[in-house]
């Protein structure tokens, strides 16, 4: 009841979440669509296996390097304007990929897309956090995050289907056109949030030292766990559509849908479970949210191996559901936990730097699978990623037992 009252009292904040949800959906549609075109990229542009792995790595490493700068920008300039600009730029980058005539040109387009989309996430999460109180902040961030999973499904399905029906170039051009139209609509919707608002004036002049984030042990350990989650996730995002297509002899569209829908829909279920569970656990104890994250990561890790080891499509779907539900429990709480121990005037940078680490290691995992795909079983490589997840659980347990309460109180005292 209190949550519903808080939502009703902040109509503007929830309208913004709704508009940003569509933007985030378009972001993941554009970035995921390429993974369902690997077959045609091999035949038309002569991509090698390693170069296909680079479609994930180039994007993620460029995105990772962009995120700290994006956080710095998001803390100093009007957040609505930065968000709208990001959409315009990634519309152009998506169109560039449709014009590519060589692997190098397409990879350059992926890098441009990463730079443009890198502006979005740190600024959007910080903007949502700015517009919502503790009562609805975690729920608002989690609601926005569901767009990621729906966008992956849409990108996986549309990338494969459209590349077969209208061609992969037209597929990229159509996504670019929709994104550009929505950028203009989003700008009109958000411009009521002017830089003259108290939140934007505070954001334009951060007073907390940048080093305060890195002197917070809980921030660092949560970021390490986020690295492990991204290493697992981007193997799935980059390679599973192609693995499913080859192993089960499916069309590109069907493979893209099977490789994304079961994981992503179950992640949304995990978010729906994890967000209220994390809120409840945090009321029971200051480290409660960290325990929920640790449980989600511990339970999701073995399923990443089972996805690759499945002998039938039905087994792969069940493993995908198991992975998605428990991974969603982790993701539902990570930003709320991280921002709670970060200075409020450095929120965008805190998100951006953590996203940067996740992107660097997510890109590395994508590259390694491509480089070793012909030498080692795919299940072995997915199993190595699962082991990394379990190692990271130990860091979260240590955080919950020894670090988080002290860091939380320190941050609240300095606010």
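What share of all Cα pairs of the range 309-367, in percent, falls into each consecutive 5 Å distance bin? Per 5 Å bin, starting at 0, the Cα pair percentages come out as 4, 15, 15, 16, 19, 13, 8, 5, 3, 1.
In terms of the mean number of neighbouring beta-carbon atoms within 10 Å, the peptides 229-237, 95-103, 76-84 order highest first as 229-237, 76-84, 95-103. Length gained on full extension, residue 379 to residue 315: 21.7 nm, using 0.36 nm per residue less the C-alpha separation.
Here the range 335-386 has an Rg and Dmax of 16.0, 48 Å, counting Cα atoms alone.
Give the Rg/Rh ratio for the range 202-304, taking Rg as the radius of gyration of the Cα atoms and Rh as the Kirkwood radius, to two decimals. Please report the intermediate quantities before stating the final value.
Details: Rg = 18.4 Å, Rh = 16.6 Å.
Taking Rh as the inverse mean 1/r over Cα pairs, Rg/Rh reads 1.11.
Beyond 20 Å, what share of the Cα-Cα pairs of the range 71-220 is found? Please give it as a whole percent. Don't skip to the end; give the middle numbers.
On the way: 6566 of 11175 pairs.
Here the long-distance tail beyond 20 Å is 59 percent of all Cα pairs in the range 71-220.
Divide by every residue of the chain the summed helix terms, -39500 (n - 2.57) for each DSSP H run of at least 4, and state the resulting mean residue ellipticity at 222 nm, rounded to the nearest 500 deg cm²/dmol. Don't skip to the end; give the middle numbers.
Details: 18 runs with 349 residues, N = 415.
Result for the chain: -29000 deg cm²/dmol, rounded to the nearest 500.
Each of the peptides 28-37, 123-132, 242-251, 65-74 was scored by the mean count of other Cβ atoms within 10 Å over its residues; in descending order, highest first, they stand as 28-37, 123-132, 65-74, 242-251. Kirkwood analysis of the Cα pair distances in the range 16-92 returns a hydrodynamic radius of 14.5 Å.
Taken over the range 2-414, the convex hull of the Cα atoms encloses 119 Å³ per residue.
Just the number, please: Stokes-Einstein D of the range 290-415 in µm²/s, Kirkwood Rh from C-alpha pairs, 37 °C, 0.692 mPa s. Provide the component values of the computation, followed by the final result.
Values: Rh = 16.2 Å.
In µm²/s, the coefficient rounds to 202.
With everything on Cα atoms, drop me the angle between helix 347-372 and the longest principal axis of the chain, reported from 0 to 90° to the nearest 10. Between the helix axis and the principal axis of the chain, the angle is about 20 degrees.
Against the longest principal axis of the chain, how steep is helix 120-131, in degrees 0 to 90 to the nearest 10, with axes from Cα atoms? That works out to roughly 30 degrees. Distance from the Cα centre of the range 330-371 to that of the range 245-262, in angstrom? When both Cα centres are located, 28 Å separates them.
Distances longer than 15 Å among the Cα atoms of the range 232-276: what percent of all pairs is that? Before the final figure, lay out the partial values.
On the way: 470 of 990 pairs.
Percent of Cα pairs beyond 15 Å in the range 232-276: 47.
Residues of the range 28-54 with an amide N closer than 13 Å to a point placed 7 Å from the Cα of residue 371 along the Cα-to-Cβ direction: 50-51, 53-54.
Values in this text are rule-based calculations from the coordinates and carry no lab data. If you're wondering where the values come from, they're calculated on a predicted model, not measured in any experiment. Backbone-built Cβ (ideal geometry, glycine too); neighbour counts: all protein chains shown.
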